[in-house]
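The values are calculated or read from the model by the stated rules, or taken from the named source; none is laboratory data. Being a predicted model, the structure only gives us computed values, none of them experimental. We place every Cβ from the backbone using ideal geometry, glycine too, and count neighbours over all the protein chains shown.
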Amino acid sequence: MRNISDKKRIVIKLGTSTIAHKTGKLNIRRMTSLVRVISDLHNEGREIIIVSSGAVGLGAGKLGLAEKPKDTRTKQAVAAIGQCELMHIYDDMFEKYSVTVAQILLTKTIIENPNHCSNFRNTIESLAGLGVIPIVNENDTIAIDELELEIGENDSLSALVASLSSADLLLILSDIDALYDDDPRKNPNANPIPLVEEITADIESVAGGAGSSLGTGGMSTKINAAKIAGEAGIDMIIMNGKDPDKLYDLFENKEIGTLFKAQKRCSTEVIL
């Protein structure tokens with residue numbers, strides 16, 4: 001039996017495919033449900049940290065672009081537009097449930113600097129004490145090669161955040177129900193894998209390539225996130241974000257998605 005109900009500090013990674021339509025425009029119905037359920041989990045006494053994708057996708061959607069731009073300079077410009085939009089949406093939606101949110105932007109340079117990491121941890125602890133939900137994203141508009149050469153995608157970022165913040169659980173919401181033994185989009189007979197005790201070569205071999213046209217990650221990036229989280233002693237779950245009410249089932253220890261079991265908790269020092 002899963003003991004997810006005992007988890008207190010949870011990092012929830014929201015992928016672009018979860019919070020936005022294929023057009024890049026906000027999926028209002030899903031976001032409304034997500035904020036409602038996350039607020040309720042927060043009211044239960046859980047400490048929630050959100051790692052949110054969607055800045056580039058929302059920026060592209062606001063500009064009427066069919067897909068995210070290819071060149072770094074335009075990506076950065078679009079991310080700047082989208083990040084403003086994204087935080088405005090989160091602030092407005094959570095305010096309806098009397099929940100305060102805060103923005104934290106990270107870069108690889110910050111994560112690799114021990115002093116900066118300490119500042120990040122202190123900020124997380126202070127925000128948790130104040131009952132605030134931090135919303136974390138990579139600072140895509142600063143370093144010129146950030147979107148291509150830095151952390152690069154929010155699956156790995158969410159695992160690093162989970163490690164740095166000593167989370168009990170990393171929860172990745174995506175557009176797929178679980179890890180499968182084959183690509184379910186191509187093979188209708190593919191079977192979900194409910195539990196991964198150890199990430200072996202066979203597990204890695206079933207991970208595919210990139211995700212949606214507006215997102216960055218695929219299953220391979222989620223496997224990498226599971227490695228980072230697992231080495232820090234943190235369980236990770238992949239589940240579909242299309243029905244936010246399933247989060248209630250998850251925290252009632254029902255079998256949802258794929259659970260990647262952690263190794264013994266170790267130091268919070270992060271190695272990229």
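Mind checking which residues of the range 156-171 are under 10 Å from K7 (Cβ atoms), over 12 Å from the mean Cα position of the chain (by Cα) and either of a type in the set (A, V, I, L, M, F, W, C) or buried (at least 23 other Cβ atoms within 10 Å of the Cβ) (or both)?
If the condition is that a residue be under 10 Å from K7 (Cβ atoms), over 12 Å from the mean Cα position of the chain (by Cα) and either of a type in the set (A, V, I, L, M, F, W, C) or buried (at least 23 other Cβ atoms within 10 Å of the Cβ) (or both), then A167 is the only one that fits.
Every residue, every condition in (1) at pLDDT 80 or above; (2) farther than 20 Å from A79 by Cβ, yes or no:
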{"position": "I111", "(1), (2)": "yes, no"}
{"position": "G131", "(1), (2)": "yes, yes"}
{"position": "P134", "(1), (2)": "yes, no"}
{"position": "L147", "(1), (2)": "no, no"}
{"position": "E150", "(1), (2)": "no, no"}
{"position": "S156", "(1), (2)": "yes, no"}
{"position": "S165", "(1), (2)": "yes, yes"}
{"position": "L169", "(1), (2)": "yes, yes"}
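Can you find a residue in the range 248-258 that is closer than 24 Å to G24 by Cα and either in contact with a Gly (Cβ under 8 Å, 6 or more places away or on another chain) or acidic (D, E) (or both)?
no
Checking the condition outside any strand (DSSP E or B), on the phi < 0 side of the Ramachandran plot and at pLDDT 90 or above, which residue from S98, S126 passes?
S126
I'd like to check which helices (runs of 4 or more DSSP H) are fully inside the range 6-72 and have at least 1 residues that are in contact with a Pro (Cβ under 9 Å, 6 or more places away or on another chain), of a type in the set (D, E, K, R) and farther than 22 Å from S163 by Cα.
So the answer is 28-43.
Out of everything in the range 136-145 that is hydrophobic (A, V, I, L, M, F, W, C) and assigned to a loop (DSSP other than H, G, I, E, B), what residue ends up being modelled with the lowest pLDDT?
I144
Mind listing whichever residues of the range 62-94 are buried (at least 19 other Cβ atoms within 10 Å of the Cβ), touching a strand residue (DSSP E or B) at 6+ places or on another chain (Cβ under 8 Å) and of a type in the set (A, V, I, L, M)?
Across the range 62-94, the qualifying residue is only L86.
For every residue, the table says whether it meets (1) surrounded by fewer than 18 Cβ atoms within 10 Å (Cβ to Cβ); (2) modelled with pLDDT of 95 or more; (3) at positive phi; (4) not aromatic (F, W, Y).
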site: A210; (1), (2), (3), (4): yes, no, no, yes
site: G217; (1), (2), (3), (4): no, no, no, yes
site: I223; (1), (2), (3), (4): no, no, no, yes
site: I237; (1), (2), (3), (4): no, yes, no, yes
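What number of residues in the range 173-188 are of a type in the set (S, T, N, Q) and either closer than 23 Å to I10 by Cα or at pLDDT 90 or above (or both)?
Selection size over the range 173-188: 1.
Answer yes or no: is there a residue in the range 36-58 that is closer than 14 Å to G241 by Cα, in contact with an Asp or Glu (Cβ under 7 Å, 6 or more places away or on another chain) and among the aliphatic types (A, V, I, L, M).
Within the range 36-58, one or more residues are closer than 14 Å to G241 by Cα, in contact with an Asp or Glu (Cβ under 7 Å, 6 or more places away or on another chain) and among the aliphatic types (A, V, I, L, M).
Quick one: G59 ticks every box in (1) without any contact (Cβ under 8 Å) to a residue 12 or more places away in the chain; (2) of a type in the set (G, A, S); (3) surrounded by 21 or more Cβ atoms within 10 Å (Cβ to Cβ) except a single one, so which number is it?
(1)
Name the pairs whose Cβ atoms lie under 8 Å apart, with the first residue in the range 179-203 and surrounded by fewer than 15 Cβ atoms within 10 Å (Cβ to Cβ), the second aliphatic (A, V, I, L, M) and part of a strand (DSSP E or B), and 6 or more positions between them or separate chains?
These pairs meet every condition: P194/L259; L195/L259.
Quick check on the range 49-77: of everything there that is aliphatic (A, V, I, L, M) and modelled with pLDDT of 90 or more, which residue is farthest from T141 (Cα to Cα)? Before you say what the answer is, go through the steps one by one.
Start the filter on the range 49-77 by keeping residues that are aliphatic (A, V, I, L, M), which leaves 49-51, 55-56, 58, 60, 63, 65-66, 77.
Of the ones still in play, those that are also modelled with pLDDT of 90 or more are 49-51, 63, 77.
Values: I49: 22, I50: 20, V51: 17, L63: 17, A77: 7 Å.
Only one residue fits best here, namely I49.
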